[in-house]
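Q: One structure coming up, written as structure tokens, with questions to follow.
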Amino acid sequence: MDEKKYRIAIVTDAYFPHISGVATTLQAMERELTQMGNTVLIISPRDFKFKIPLITYPEIKLALFADRELAKKLDDFKPDAIHISVDLGPLGLAARAFCLKRNFPFTTAYHTRFPEYVKARTGIPLTWSYAYMRWFHAPSKHVMCASRTLIDELKMHGLKNLAYWPRGVDTELFTPNNPINLPGERPIFMYMGRVAVEKNLEAFLNLDLPGSKYIVGGGPAHDHLKAKYKDVHFTGYKFGEELARHVAASDVFVFPSLTDTLGLVMLEA
């Protein structure tokens, strides 16, 4: 007997064209669910006309006043399940309100330590942000977490209904084979990911290390850091095979972020 196929809606405030681990994870999840025979709809800011750039982070666009349009998209799709991927954005809030109004069960995810992220960017106390996290995720049937360590941490902050959701990586793409020839003395210390204040990159860049330092990626802090650290190699964004070849060429992978839960780049490295 064939397994039942589902219609699954995923609502996220973080998706392509903005590059992030969240977007990559959701893209992989859509691909795997579709291959299993399910029908998947990802609703993101790119599906709405009225968007504004996030203050201090113009690469991220937020869809404002999208409640009615989001509700219509969900009603038209008629999902069997709804997953809300991001808990700090207008689409996540609108999807949460939609589900509660219709008494429709939903799941959420904890991709980023948003209280720490918000504190790094605004100085807002952690206690305030964790109170918001408890409020947002409380009605969720399962709060999906990338590691068991994160589950233990969130339990200490009062979050409930936590579920382990392990990550995967494309091992055909990310291999130690075919490294690109990078200039610079060995060993090569490499970070890849967004270049932004919450990634704590200056903790890495200020280290007195032998060899060469590489920053692979882009973001709002890219130009500032590139101008400040003249001896560091900044490559900008890399994708696909070219990205994998850069990682394969490094000797040490460095990930100094204090706000990520389990950075996808750590598995890729």
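The values are calculated or read from the model by the stated rules, or taken from the named source; none is laboratory data. Since this is a predicted model, take the numbers as computed values, not measurements. As a convention, Cβ positions derive from the backbone with ideal geometry for all residues, glycine included, and neighbour counts pool all protein chains shown. Surface accessibility is based on the protein's heavy atoms, side chains included, excluding ligands, DNA and RNA. Shrake-Rupley method; radii C 1.70, N 1.55, O 1.52, S 1.80 Å.
Q: Give the cross-link partners of Lys49 among the lysines, using a straight C-alpha distance below 16 Å as the criterion and excluding same-chain residues fewer than 8 apart.
A: Excluding near neighbours in sequence, the set is Lys61, Lys72, Lys73.
Q: What part of the accessible area of the chain, given as a whole %, is carbon or sulfur when the probe is 1.4 angstrom? Walk me through the intermediate numbers first.
A: Details: 8020 of 14270 Å².
Ligands and nucleic acids excluded, carbon and sulfur reach 56 percent.
Q: May I pose another question? Report the extension gain between Glu30 and Phe253 in nm, rounded to one decimal, defined as 0.36 nm multiplied by the number of residues separating them, less their alpha carbon distance. Let's see the in-between values first.
A: On the way: separation 223, 0.36 × 223 = 80.28 nm, distance 2.83 nm.
That pair, Glu30 and Phe253, stretches by 77.5 nm at full extension.
Q: Out of every Cα-Cα pair in the stretch 103-183, what percent are more than 14 Å apart?
A: Above the 14 Å cut-off, the stretch 103-183 has 69 percent of its Cα pairs.
Q: Could you derive backbone 3J(HN,Hα) for the stretch 83-94 from the dihedral phi with the Karplus parameters 6.51, -1.76 and 1.60 (θ = phi - 60°), listing whole Hz in sequence and x where the residue is Gly or Pro?
A: Along the stretch 83-94, the couplings run 10, 9, 7, 10, 9, 10, x, x, 6, x, 5, 5 Hz.
Q: Where the centroid of each part is defined by its Cα atoms, how far is the stretch 198-269 from the stretch 73-91 in Å?
A: Answer, in whole Å: 33.
Q: Given a 1.4 Å probe, how much area per residue of the stretch 46-171 is accessible, in Å²?
A: On the way: 7030 Å² over 126 residues.
Using a 1.4 Å probe on heavy atoms only, each residue of the stretch 46-171 averages 56 Å².
Q: Still on this structure: Report, ordered by chain and residue number, the lysines lying within cross-link reach of Lys213, taken as a straight Cα distance under 24 Å and ignoring same-chain residues fewer than 8 apart.
A: Straight-line reach from Lys213, under 24 Å: Lys199, Lys226, Lys228, Lys230, Lys238.
Q: When the Karplus curve 6.51 cos²θ - 1.76 cosθ + 1.60 is applied with θ = phi - 60°, which whole-Hz ³J(HN,Hα) does each residue of the stretch 143-148 get, with x for Gly and Pro?
A: The phi angles translate into 9, 7, 10, 7, 8, 6 Hz.
Q: Going highest first, how would you order 132-142, 20-30 by mean Cβ packing within 10 Å? Write out the running numbers ahead of the final one.
A: Working: 132-142: 16.6, 20-30: 18.6.
So the order, starting with the most tightly packed, is 20-30, 132-142.
Q: Which distance in nm do the two modelled labels at Leu100 and Trp128 give, with both placed 7 Å along the Cα-to-Cβ direction?
A: Inter-label distance under the simple model: 2.0 nm.
Q: If you don't mind, there's one more thing I want to ask. Reachable aspartates and glutamates from Lys101, Cα under 14 Å, same-chain residues fewer than 8 places away excluded?
A: Leaving aside aspartates and glutamates fewer than 8 places away in the same chain, those within reach of Lys101 are Asp67, Asp75.
Q: Once you have the Cα-Cα distance between Ser147 and Asp231, take 0.36 nm times their residue separation minus that, and quote the gain in nm to one decimal.
A: Values: separation 84, 0.36 × 84 = 30.24 nm, distance 3.54 nm.
Working it through step by step, the gained length comes to 26.7 nm.
Q: Accessible area per residue, 1.4 Å probe, Å², for the stretch 190-257: what's the number?
A: Details: 3000 Å² over 68 residues.
It amounts to 44 Å² per residue over the stretch 190-257.
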